[in-house]
Amino acid sequence: MPKKEQFARIWLVTLVVSYSAYFWFASNANRDSLWDQLLIFAATTIAQIIVIGIGSAVIALKKSQGPSVDERDRAIDNKATRVAYNVLIVGVIMSGCILPFSHSGWVLFQAAVAAIAVSEVVRYSIIVGLYRRGGYD
Amino acid sequence: MTKRRLSNRIRLERFLAKEMTQAELGQHVGVTRQTIAAIESGRYAPSLETAFVIAEVFGKPLEEIFHWEVVDR
């Protein structure tokens with residue numbers, strides 16, 4: 001399995017698990033407390049950094065022949081990023097242009113986080129999928 | 001419209017080149033073994049540069065290694 005695919009799998013699992021936990025805790029915490037919400041966000045981010053850092057280090061230490069990244073990796077990454085960008089734009093329009101007319105603070109913040117989370121999950125899902133079945137050129 | 005896909009005879013050429021492995025070919029070309037496997041199986045169409053280098057490794061012109069294959073009408 002290419003290193004980039006291994007990285008993508010680690011990212012995908014970490015993002016799904018951590019953001020699922022994040023949204024569960026954030027919706028059950030005090031919504032009016034900025035510090036409570038920031039604490040949950042910070043804890044999620046730190047957990048992601050630790051898990052992905054350890055996973056990346058383990059993958060990087062494995063020996064492999066040839067270059068670690070080649071044109072196929074870049075083609076896959078480009079396509080996944082292109083799709084995820086569109087998802088992010090939709091999320092930004094929702095959280096920044098539409099929701100402010102009907103919702104306030106907490107919902108807007110969580111919508112923005114959700115837009116980032118969903119676009120990242122989409123990106124890594126596409127990367128993993130394209131490595132398996134092709135169709136990226 | 002006729003549907004076509006890029007086909008190749010890399011597997012055969014590797015066999016003829018003293019059973020060169022995908023990893024060895026990848027090292028010559030500068031791509032990973034997985035990319036060679038993807039090219040061979042038709043899951044990835046390489047860049048023109050990579051296609052030329054692959055043909056050069058086998059000492060054949062490009063059109064002898066890669067060709068169009070009609071898959072649907």
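What follows draws every value from the coordinates through simple rules; no lab data is involved. Predicted, not measured: the structure shown is a model, and the values here were computed from it. No Cβ is skipped: glycine too gets one built from the backbone with ideal geometry, and neighbour counts run over all protein chains shown.
Condition test on B:F58, is it farther than 13 Å from A:R72 by Cα, surrounded by fewer than 14 Cβ atoms within 10 Å (Cβ to Cβ), away from every other protein chain (no Cβ under 11 Å) and of a type in the set (F, W, Y)?
The answer is no for B:F58.
Here is a list: B:A51, B:A17, B:A37. Which entry is over 26 Å from B:R4 (Cα atoms) and either touching a Cys at 6+ places or on another chain (Cβ under 9 Å) or not hydroxyl-bearing (S, T, Y) (or both)?
B:A17
Here is a list of conditions, (1) within 20 Å of the chain's Cα centre (by Cα); (2) more than 18 Å from A:A114 (Cα to Cα); (3) free of Cβ contacts under 8 Å to residues at least 24 places away in the same chain, and A:V51 meets all of them except one; can you say which number that is?
All conditions pass for A:V51, except number (3).
Could you list, in sequence order, the residues of segment B:21-45 that are within 12 Å of A:R72 (Cβ to Cβ) and within 7 Å of chain A (Cβ to nearest Cβ)?
Those that are within 12 Å of A:R72 (Cβ to Cβ) and within 7 Å of chain A (Cβ to nearest Cβ): B:G26, B:G30, B:V31, B:T32, B:R33, B:Q34, B:T35, B:A38, B:R43, B:Y44, B:A45.
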